[in-house]
Each structure stands twice: as C-alpha cells, then as structure tokens.
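Since every read-out is calculated from the coordinates, none of them should be taken as a lab result. This is a predicted model, so every value here is computed, not measured. Positions of Cβ are backbone-derived with ideal geometry, glycine not excepted, and every protein chain shown enters the neighbour counts.
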Amino acid sequence: MTETSGAQVAEVVRDFEELYGSAPQGVWAAPGRVNLIGEYTDFNDGFVMPLALPHTAVAAVSRRTDGVVRLHSADMDGGVVRLDAAGLEPLSGGGWAAYPAGVVWALREAGHPVTGADVHLASTVPTGAGLSSSAALEVVTALALNDLYELGLTRPELARLAQRAENAFVGVPCGIMDQTASACCAEGQVLHLDTRDLSLRQVPFDLAAHGLRLLVVDTRVKHALGDGAYAERRAACEAGARALDVPTLRAIDHSHLPDALASLDSETVRRCVRHVVRDNERVERVAAHLAAGDPRAVGPVLTEGHASLRDDLRVSCAELDLVVDTAVRAGALGARMTGGGFGGSAIVLTDESVADTVAKSVQEAFAQAGYTAPRIFPAIPSAGARRLL
Ligand code: ADP
Ligand code: MG
C-alpha cells in the first residue's frame with residue numbers, strides 16, 4: 001500500500017486512541033521524495049528538482065499543556081518514548097524518536113510555545129532507501145504542531161526548522177532539499193527549488209500524458225562508506241568555494257567552469273566542483289525541456305548526471321551502476337542514482353510501452369550478479385504534506 005488510504009488513517013487513529021486513551025486532535029501526512037536531478041547541490045546553494053512520492057508518514061497528534069512529549073511509531077519496537085519538552089538536548093541519542101523530538105526542540109529554540117504533544121505515526125516510506133523517510137517524519141511532525149499550536153509558519157519555514165532538527169538535534173548534515181520537497185511538493189509537479197534563496201516553482205510533470213513512466217529502483221543496499229563520504233564531499237565543495245574565493249559553488253557559472261577548474265590544485269576538489277557546477281546546469285536544462293513540453297529529452301540528462309556522480313563525485317556503487325547500465329541498454333530513455341548514493345535508489349525514465357521490459361531486465365541483472373532483488377515501483381508525482389483529518 002502506498003497511497004495514503006482511508007484505512008491507513010483509521011488505523012493510525014485507532015492505535016492513537018489505544019495508546020493514549022483519547023482521540024487525536026488531528027491527522028497529518030508528509031511524503032517521501034525522489035530527486036529528478038540536482039544531486040549534492042543543495043548544500044552548495046544550488047538547484048534541485050525533487051518530486052513527492054505517494055508514500056507518506058502519517059501522524060495522529062494531540063497537543064499537551066504539561067511539557068510532556070510522547071512519541072510512538074507503529075513501525076518500531078520499543079513502545080512509547082516519553083520526553084520532557086523543556087529538557088530536550090541535541091545529539092542525546094534516542095534512535096528514531098530524535099527526528100520528531102528534534103522538531104519540537106527546533107520549534108522551541110525558535111521561540112514557539114510548544115508545550116508538549118502526543119504523537120503516534122506510521123509510514124509507508126521505505127527507510128534508508130534514499131527516499132527521505134526521515135524528512136517525512138520531521139515534516140509531518142512540524143506541520144501537525146504548526147496547526148495545533150496555530151504558529152502560522154509557512155511551508156518553507158517548516159522545512160527550515162525540520163532541517164535544523166536533523167542537522168543540529170539528530171546530527172545529520174543534510175541540505176534543505178528533502179524537507180522542502182516533503183513540505184512543498186504538489187501533485188503532478190516537480191519542484192524547482194533554488195536553495196540559495198529558497199525560491200520555488202512548481203513545474204508540471206505529466207508523465208502519463210506523454211506515455212512515460214518514472215521508475216524508482218530501490219537497490220536495498222546501503223554501503224557503510226556512505227556516511228563519511230557525504231561529509232567528505234561536502235568538505236571538498238567548501239574547500240573549492242574557498243579556493244575560488246566565492247561564498248558557495250553556486251557562484252561559479254557553467255560558462256566559467258574551465259577557468260575555475262584550471263585554477264584548482266587538488267584533483268579531488270576539482271572533481272567535486274565540476275560535478276556541482278554541471279549538475280546545477282543540468283537542472284536548468286531539465287527545467288527547459290519540461291517547459292518546452294519535451295519530457296523525453298530529460299532522459300539523456302539523467303544518464304549524464306549519473307556518469308558525473310559515478311566518475312567525478314564518486315558516490316555511486318556497483319548496484320546503482322548496474323541499474324543505470326541495464327535500464328539504458330534495455331531501452332529506457334535515461335537513468336541515474338538519486339539521493340546520497342552508496343546504495344539506496346536509482347530512478348529510470350522510460351516509455352510506458354517498455355517499462356515492464358526495463359524493470360524485468362534490471363531484476364534479472366540483479367539476480368545474475370547475486371544481489372538482493374531490488375524493489376521497483378513507479379514514482380507518481382504526489383502531494384506534499386497535508387492535514388488529513
Ligand atoms: P532516509 O531518510 O533516506 O530514509 P535516513 O537514514 O535519513 O534514511 O532516515 C531513516 C531513519 O528515520 C530510520 O533509521 C528511523 O530512525 C527514522 N524513521 C524513518 N521512518 C520511520 C518510521 N516509520 N518510524 C520510526 N522511525 C522512522
Ligand atoms: Mg534521510
């Protein structure tokens with residue numbers, strides 16, 4: 001089940017009542033996402049272009065006035081986590097509960113009078129697959145508290161607070177894309193986001209009208225290498241910006257890239273700069289293709305982006321490369337890894353007519369390589385966070 005169904009909502013409400021002894025004051029949903037193009041650009045003030053998935057984190061929530069925060073997930077063992085809103089400390093551990101607790105902390109840090117909450121949630125977003133199950137958790141909590149406490153924060157403001165929760169409270173140095181995608185995406189659209197000023201634009205992405213399908217291939221692997229590598233790439237980008245004497249790599253225009261590269265000493269830094277500057281340009285190219293009503297032309301840009309992530313940034317892995325190579329050879333228009341890499345998911349843009357053949361080829365290639373069977377499903381551009389009840 002992926003669509004947020006009435007049955008899923010009823011179950012979350014029933015479980016809330018069983019846990020906490022009264023009906024929730026509301027139910028909210030926030031989706032996971034895939035990123036169409038623009039990878040490792042969101043911490044360089046660059047462009048990204050994510051879309052929301054039909055998979056959501058759904059939360060039933062009530063406010064409290066006694067400073068107590070109770071958190072429960074249907075998807076985790078261990079029962080209700082009980083915390084003191086005023087005593088929340090960044091990086092104090094807490095496993096999954098750190099994500100929603102971090103949102104309470106970030107809201108209070110920003111001066112919002114959140115005096116407690118009862119939260120029960122359940123999610124259909126696959127975890128650790130590069131589809132932002134963590135952002136879905138944060139954003140659903142933030143939106144619920146925004147409504148219940150009548151804080152009047154905008155979607156981009158909620159995304160910022162959710163990112164702060166993940167950066168400062170959980171301790172993951174993510175950019176702003178995931179939370180903004182979950183908070184701001186719209187059905188049938190991709191979100192063109194400029195992470196420098198957080199200006200955003202909905203871009204129609206009607207795949208079915210063009211006889212196209214976007215597949216997500218979750219490789220179901222997560223290589224341990226990933227955590228440190230993300231921070232390393234981030235540091236290399238920052239070193240590049242310093243060496244080029246700009247605030248961030250966004251300041252390097254694509255037309256000035258050859259000069260910029262020639263002035264850098266470190267090969268690692270050069271590769272990172274090349275990827276980021278070119279991926280920013282690829283986002284703009286994809287936006288132009290979509291504006292021109294030519295989504296098929298997006299395919300080769302995706303594959304080009306993958307080569308850059310594989311060869312320049314070096315954040316791909318054998319499983320992701322196998323998805324891309326196999327899909328393109330089987331007739332897909334284009335494919336690339338999406339998210340942080342080192343496992344997680346890839347996306348494949350394909351004509352509907354060959355989508356099943358492409359998916360089957362990927363399954364067979366994985367079986368032949370002795371890899372775990374991947375999970376393959378269509379990415380249907382879906383709604384961002386919303387109140388359900
Ligand atoms: P991703 O965001 O790509 O799925 P992360 O490692 O950033 O991967 O976030 C995954 C973490 O988010 C999980 O380990 C867990 O702590 C938390 N999480 C995700 N979904 C749920 C859920 N349904 N219930 C509780 N915690 C969850
Ligand atoms: Mg995450």
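Some values worked out for this structure:
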{"item": "GNM result for the chain, Cα springs below 10 Å: residue of PRO378, PRO90, PRO247 fluctuating most strongly", "result": "PRO247"}
{"item": "Computed over the stretch 6-202: relative contact order in percent, which uses C-alpha pairs under 8 Å that are six or more apart", "result": "28"}
{"item": "Spatial separation of Cα centroids for the stretch 129-177 and the stretch 236-287, in angstrom", "result": "29"}
{"item": "Inter-probe distance in nm under a simple model that places probes 7 Å from Cα toward Cβ, at ALA168 and ALA251", "result": "2.5"}
{"item": "Over the chain, relative contact order from alpha-carbon pairs under 8 Å, at least 6 apart, %", "result": "23"}
{"item": "Net length gained if the chain between ALA239 and ASP294 were fully extended (0.36 nm per residue, minus Cα distance)", "result": "16.1 nm"}
{"item": "Sum of side-chain charges, ASP66 neighbourhood, beta-carbon under 14 Å (Lys, Arg +1; Asp, Glu -1)", "result": "+2"}
{"item": "Percent antiparallel among DSSP beta bridges (both partners in the stretch 6-202, rounded to 5)", "result": "85"}
{"item": "Between the stretch 7-31 and the stretch 309-378, the alpha-carbon center distance in angstrom", "result": "37"}
{"item": "Loop-located GluC sites (Glu not before Pro) in the stretch 1-109 whose Cβ has at most 15 other Cβ within 10 Å (DSSP)", "result": "GLU3"}
{"item": "Gaussian network model of the chain, Cα within-10 Å springs - most flexible of GLY67, GLY299, GLY344", "result": "GLY67"}
{"item": "Full-stretch length increase - MET76, LEU225 - with 0.36 nm per residue and alpha-carbon distance subtracted", "result": "51.1 nm"}
{"item": "Inverse of mean 1/r across different Cα pairs in the stretch 165-243, Kirkwood, Å", "result": "15.8"}
